[in-house]
Amino acid sequence: MKRLRLQFVLAIALTVGAVVAFTLTVRAGNLEIGQAYAPVSIGAGKTGAVYFKIVNETETPDRLVSASTPAARKAEIHNHLMQDGIMKMRKVDSLEINAGGSVMFKPGGYHLMLFGLAEPLKEGASIEVELVFERAGAMTVQVPVKPLSHKMKDHTE
């Protein structure tokens, strides 16, 4: 009975530890990245997306200039825009994060688009993403893969 209780306590501790590890924020200088996740792959699994929040706690704007991941051939900053009554996805060369401001990468808005995934993104896995900022430099974020929380089209290049 004691062994079963110990196993139960260990299982809970490991689960809580895993959840905490994936909800922690990452800092580079005075920039903070939090709430990061990637939805599980859909369709052929060759593309994916990454969502997160960037908070700039400085009095100086910064700019996200690029992203990369070993999980995909290419990562690009994208945004959805309404154009002539049609929602379109567009590549964004860089994105300013205002002084004292924040930008939320979310479905239907800004997001990192991943092209040429090495393998489909599966629930429970995590991918490493490097974000490069003009002032703060490079920062690496561990991004957990989570179930889809919205209907997402299978984006292709």
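Here are the numbers for this structure:
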{"read-out": "Chain lengthening between I86 and S66 when straightened (0.36 nm per residue, less Cα-Cα)", "value": "4.5 nm"}
{"read-out": "Sparse-neighbourhood loop sites, GluC sites (Glu not before Pro) in the stretch 88-137 - DSSP loop, at most 15 other Cβ within 10 angstrom", "value": "E123, E134"}
{"read-out": "Net length gained if the chain between A99 and V26 were fully extended (0.36 nm per residue, minus Cα distance)", "value": "24.5 nm"}
{"read-out": "Trypsin sites (Lys or Arg not before Pro) within the stretch 67-157: DSSP coil, no more than 14 neighbouring Cβ in 10 Å", "value": "K122, K151, K153"}
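Any read-out appearing in this document is the output of simple, stated calculations on the displayed coordinates, not a laboratory observation. Bear in mind the structure is a predicted one, so any value in this text is a computation, not a measurement. Here Cβ is always computed from backbone atoms with ideal geometry, including for glycine, and neighbour counts include all displayed protein chains.
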